[in-house]
Structures are given as C-alpha cells and as structure tokens.
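What follows is one structure encoded as structure tokens, with my remarks underneath.
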Amino acid sequence: SYLPYDTIPSNSTIQSDMASQRLSPTVLIIFLRILAHVSLFPTIAEAFMPPRSSMTGRSQHQSASTINSGDGTPETAIVLIDPVTDFKQVINAALDLNRVVITVQMPDVALPDKFQSFLPTTQALIDAGVAHTLSMHHRDVFSITQQLQILARERNLKIAGVIPLSEVAVEVSDLIASCLELPHNPLDLMTARRDKGLMKQAVESAGLRVAKYARVGSVKDFRDAMMKLSLAYPIVVKTPSGMSTTDVYICSNEKEATDALDSIVDKVGPDGRTVNMALLEEYIGGIEFAINLIAFNDRSHLLVTDMWKYKKTHKARYDNAEICNPADYPQLISYACSVAKAAGIKYGAAHVELKARQDGDGKYIDPVMIEIGARLSGGRKSTMAQAAIDDWDPFTSLIESHCGQRCRSIPDSTNFLTPDRFVRHIFLPIENAGKIKEIQLETSAVATMHSSAIIVKAGEVVKETTDIVSCAGFVWLVGEMKQVDTDTEKILSSFTLVLDKS
C-alpha cells in the first residue's frame, strides 16, 4: 500500500509534464560519479543553485543557515525522496540521531487526485524538522544529484544515505544513491522493483512460484494470452506500475476484462506515466498476507519485522488487517525472504504481498507473490509494529540500513520479530455514492484505540469504495486480542456516512 494516512493535504497544483530521460542510467551514473570528484568554484555553485527559498527551510530542530558544526567537521545528512509514508516518524528518528534531513519532493508527478491530498506541503516538512527541501522535476536524476552535491559542499554536509518514502521514489532513489556512491540496491533489478511484470520475471528466475502473466495491449493480445496461458476466469487485469490496489481489476468474464483494458491502456497510470500495456495475471485464491522485512549490509539474512493477514469482504474489498506472529508461518516468511532477495533488496525496507492456502491441518502453504515494494509499507504498518513490538524502532533501523550501518538493536541471530500486543487495522468503506451530509464515528469508549484517520468530509461528493485510497477512513487498535475484537464491533457499529438525499 502507498498511503501513510497521516500526511498533511497539499493545496498546491500538481502538473503533468513527463519529459523523457535523455541519458541512459549507465552513462548518467558514470558522468555523475566524475562530477562528484570535480571541485566547483563557489560562483559556479551559486549559478546552479535554485532560489534559496525553495531549497532551505528553518525548523526548531535544525537551522538551514548552519554552515558547519563549528570545527570544520561535516555534519551527517540523510536524503528522503518523496517523503510521504511515515515521514514524520522518519524525520524524528533522524533528528534523534543528530542527522541533518534533506527532502526531495516530486511535485510534477501527475498522481491521481485521490493520492495528491496525502502529499505533505513543503511547510509541513519544515515544521517537522527538515533542514533543506529540494524539488525534483521530470524525474531528473542528473539535476537533483547535482543539487545535492552543491548543497552538501556549500553547507559542509556529508550525505550518508538516500531513502525512498513512496512508491514513485523507489525508481529514482537507488540511482541517486549510486551517483553519490552511497549504499543502494542493485541497479540491474531497479525496474523489477517497480514493474510487476519484470518483478515476476525476476522472482520466477530465482526458482520461485509466481502467477501466470502476460503483457496485453489489445483485446486480441488478451485473447491470445488467455489461450496460451490456459487461463480461466476469474483473472486479474492491472496496470504494471500501480500502487494501493489502484487500477487492479478482478474480472469474471471477457466484457469485464476488456473494460479493464480500456481503463488502463493509453491512460495515465497511478504513477503519472502513460500506460502502454496492461498486465494479465492468473487469479490466485487463498488468503492475502503482507510480510515486512528490512535488509542490513552486515547480516547474512533479511529480518522479518512484522507480518499482516488481510480479511476481505464478499466484494473483494479490504475489511481489516491483523498483525501475525511470523513463527506460525515458516513457509510464508521463507518464501517472502527469497522474493526480496530475487528483487535485489540489500538495503532498506521491503514488503512482500502474497497469497497462501491452508492445508488440512490449518497451516498456510504454497505462497505466491502478488508484488513486492522496496520501501516502508503504507497504512501505518511500521508505526503499528513499533506499538506492538517491545524495543523495536523501525525508523531508526531504516536510516541505519540505508546508511550501510549495522542493526544495533536486534541480534544478528534473529530471523523475525514477535509481536507483544495484537493490532488490527480497520478499513471504513463508502458503501454508496453521493454527497456526504454527516460522518458518524464514536471512538471515546474504545479502550484499545491507537489512532484514526477520516479522509472524507461533509459536503464532499464520493463514490463507492473500490480500492484502499477510496475508503472513507481507517482505525487502528492495539491491545489484547479479545478487547480488540470487542472494540472492533464498537467501531463498525458506530460508523455511518449520512448522505444528502436532497
């Protein structure tokens, strides 16, 4: 999932201007690595600097006017690319580590309207403690790397790591880190960490089971692929580089499948790019899980940090997600770790979404990947894991990982973390389209209440929920399982969207 559910809505207009990249990644990296060792005269640096008001901001934690630490020693900095998911928590962790925080926003990525309201404003980042804010236009890796190098030289900073905090950030963060000669995941698998077709290819090449799939751009392609793959309905049609279940269709017949194709092909996808071909996939039955992991350079194995089991409604909408004990799902966590390795996860967080079926003994077996994201999971999963697991700090660990440091808080022998408390993430759907007159939700008597987010408002015209980002809101409960079950009933019975019938 893409959403953090705790960002501040932006009032800025997102423009669509997707200029194509002129240099290949290999040529770009070689050129920028040469540039990294060239000493720029101050006058040249000033010439390339954006207006200072767009690059820097003050906060109570870090003054943008700080040139150095006083003795000439560079201050250590981290770069957050497209800070969306849990950005406040990551910034706070960085400040606690005495790191200068630089953010890179991507304002001209043409995200759908339902995503745009989750983007923090520049002022919100400054208020959270960011020292320097930059903007990356047209996904231009060259220009933003250049800006970072000039900023580091002018402000006497030593950049230690580059961290993606959204799905669109994944495709550029490793390139930027490579250009700065910082820890990064392998570039030859960069596209496999975003494109779900190439993702399946990489995982399948590692000897792991994946759903049958094909790229289709027309009804003829679709029919040919259905026959070649021996697929039967239901099937899945999706955009190859989507997020948050947007543009994912479970189709029961050819009419639904062709309608799905029409809504995807030659349209702007969730990542702001025009989609040339859709992905046809075999439908995998069973229960959906999300397994979150983190990789450290000094560990021989990935660390499974938290695991979630999803419950869906009869309309295939998400109903809730519950935290699980990884010890109860050995086959699933082994498969998830193998998927992450196949996708080249060597630094930072990842979340593997998969489906599995139960055998006669109630054990979950035969896992099959839905997708993998090379970043923190959305839906406040990391925040909830921190609330559920004693002595676990996912945000400090994320920074340490991307900076190539060892994990200081978890012994090397640990393969997974065990939750000490139960967590449930409740999805609040919009059952009927219309104009909202009133939102009713009673949380005052909920003993296990952790947090909630209502993302619609009175007076807004809404459509029926079809995916995660079209929900009315969310509630997170933490505590003893029996009490969480009781409180879940209270939440669901009190939630009502009153629609204007006039």
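The values are calculated or read from the model by the stated rules, or taken from the named source; none is laboratory data. These numbers come from a predicted model, not from an experiment. We place every Cβ from the backbone using ideal geometry, glycine too, and count neighbours over all the protein chains shown. These accessible areas exclude ligands, DNA and RNA; they are computed on the full protein's heavy atoms, side chains included. Shrake-Rupley method; radii C 1.70, N 1.55, O 1.52, S 1.80 Å.
A few points about this structure:
- Report note on the peptides 176-184, 210-218: ranked by the mean count of other C-beta atoms within 10 Å, highest first, their order is 176-184, 210-218.
- Rounded to the nearest Hz, the phi-derived 3J(HN,Hα) couplings of the range 195-206 under the Karplus curve 6.51 cos²θ - 1.76 cosθ + 1.60 (θ = phi - 60°) are 7, 6, x, 5, 4, 4, 4, 5, 5, 5, 5, 7, where x marks glycine and proline.
- Taking only protein heavy atoms and a 1.4 Å probe, the accessible area of the range 154-204 is 51% carbon and sulfur.
- SER218/HIS301 FRET efficiency (R0 25 Å; Cβ-Cβ; nearest 0.05): 0.05
- Once the 1.4 Å probe is applied to the protein heavy atoms, the range 92-214 comes out at 31 Å² accessible per residue.
- As a rough guide to protection, the peptides 158-169, 135-146 ranked by mean Cβ packing within 10 Å, highest first, stand as 158-169, 135-146.
- Accessible surface calculations at 1.4 Å, restricted to protein heavy atoms, place the range 311-428 at 37 Å² per residue.
- Across the range 167-263, the fraction of Cα-Cα pairs farther apart than 24 Å, rounded to a whole number, is 34%.
- Long-range HN-HN contacts of GLY348 with modeled amide H, under 5 Å: ALA295, HIS402
- Applying both filters, DSSP loop and at most 16 other Cβ atoms within 10 Å, to the GluC sites (Glu not before Pro) of the range 412-477 gives GLU431, GLU442, GLU460, GLU464.
- Sulfur and carbon atoms: percent of accessible area, the range 335-411 [1.4 Å]: 42 percent
- Karplus-based coupling profile of the range 433-440, in residue order and whole Hz: 6, x, 9, 6, 9, 7, 10, 10, with θ = phi - 60° in 6.51 cos²θ - 1.76 cosθ + 1.60 and x standing for Gly or Pro.
- Amide H within-cut-off set for LEU499, under 5 Å, with H built and near neighbours excluded: LYS437
- Both radii were evaluated on the Cα set of the range 350-427; the Rg over Rh quotient, with Rh as the Kirkwood radius, amounts to 1.01.
- Computing FRET efficiency as 1/(1 + (r/R0)^6) for LYS312 and ASP390, where r is the C-beta to C-beta distance and R0 is 45 Å, gives about 0.90.
- Heavy-atom accessible surface of the range 225-322: percent carbon and sulfur, 1.4 Å: 51 percent
- Here the average projected area of the convex hull drawn through the C-alpha atoms of the range 153-208 stands at 4.7 nm².
- A simple spin-label model places pseudo-atoms 7 Å from Cα toward Cβ; at MET481 and GLN440 they are separated by 3.2 nm.
- Here the 3J(HN,Hα) profile of the range 348-357, calculated from phi with Karplus coefficients 6.51, -1.76 and 1.60 at θ = phi - 60°, is x, 8, 8, 9, 9, 9, 8, 10, 8, 10 Hz, Gly and Pro shown as x.
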